[in-house]
1. Using Cβ contacts closer than 10 Å as the measure, can you line up Thr23, Thr123 from fewest to most?
2. What is the spread of the Cα atoms of the stretch 80-138 along each of their three principal axes, largest first, in whole Å?
3. Provide Leu100, Leu56 in ascending order of the number of other Cβ atoms located within 10 Å of each residue's Cβ, fewest first.
4. Report the local net charge at Arg71: Lys and Arg +1, Asp and Glu -1, summed over other residues whose C-beta lies under 13 Å from its C-beta.
5. What number do you get for the stretch 10-137 when its Cα radius of gyration is normalised by 2.2 N^0.38 Å, N = residues?
6. Give me a comma-separated list of calculated 3J(HN,Hα) values for the stretch 94-109, in order, Karplus coefficients 6.51, -1.76, 1.60 applied at θ = phi - 60°, integers in Hz, x for any Gly or Pro.
7. Which whole-Hz couplings ³J(HN,Hα) result when phi for each residue of the stretch 41-53 is put into the Karplus expression 6.51 cos²θ - 1.76 cosθ + 1.60, θ = phi - 60°, listed in order with x for Gly and Pro?
8. Ranked by Cβ crowding within 10 angstrom, fewest neighbours first, how are Phe52, Phe21 ordered?
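Just so you know, all these numbers are worked out from the coordinates, no wet-lab data involved. Quantities reported herein were computed from a predicted structural model and do not represent experimental measurements. In this analysis, Cβ positions are derived from the backbone assuming ideal geometry, glycine residues included, and neighbour counts consider all displayed protein chains.
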Amino acid sequence: MNRPSHLRLSYLGLALLGGTFGTAAREALTLIVPPISGIPVAIFAINILGAFCLGLLLDALARRGPDEGLRRTARILLGTGFMGGFTTYSALAVDTAALLGEGAVGTGLGYGLLTVLIGAAATWAGIAVATLTHRSGSAVPPQRDADLAESDTRSGGAR
């Protein structure tokens with residue numbers, strides 16, 4: 001039977017392994033970095049860093065070829081697993097609700113909104129860094145399949 005990759009036990013194991021380490025890293029950081037004036041800065045920083053790293057990872061992997069082999073393994077282990085366990089939008093929601101429930105409405109709304117907006121910008125920045133790194137690291141830009149087919153047609157199939 002040819003199961004989709006998201007149902008294969010080996011890939012589920014990779015996600016579990018990565019998620020275990022990502023969650024442990026998040027917990028360690030939340031224990032080391034205390035809230036500042038009631039604002040959970042560790043969770044904020046974790047989510048921003050995670051958004052950046054996920055943008056960087058996924059764009060870098062996508063630029064190196066199809067989602068198979070080592071690229072798929074890296075995506076599932078590091079992206080789905082580690083970064084999925086490391087980032088925590090559930091804690092963001094709980095922390096935002098706690099701030100709102102304590103009467104810190106402006107702080108709670110600002111915390112929640114800024115985390116999402118800065119996280120989106122961080123994802124974009126990660127993608128931009130991966131793009132710049134890819135461009136500076138390759139002397140010849142990669143050709144798309146359509147460009148190769150057109151080149152084949154013009155040259156009579158010889159390369």
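1. Working: Thr23 16, Thr123 20.
The most exposed by this proxy come first: Thr23, Thr123.
2. Principal-axis extents of the stretch 80-138 (Cα, largest first): 53, 25, 8 Å.
3. Leu100, Leu56
4. Details: positive: Arg63, Arg64, Arg72, Arg75; negative: Asp59, Asp67, Glu68.
Here the count lands on +1.
5. Working: Rg = 16.2 Å, N = 128, 2.2 N^0.38 = 13.9 Å.
Cα Rg divided by the expected 2.2 N^0.38 Å: 1.16.
6. With coefficients 6.51, -1.76 and 1.60, one gets 5, 5, 5, 4, 5, 4, 5, x, 7, x, 8, 4, x, 5, x, 5 Hz.
7. Couplings: 5, 5, 5, 4, 5, 4, 5, 5, 4, x, 4, 4, 5 Hz.
8. Details: Phe52 20, Phe21 15.
With the sparsest Cβ surroundings first, the list reads Phe21, Phe52.
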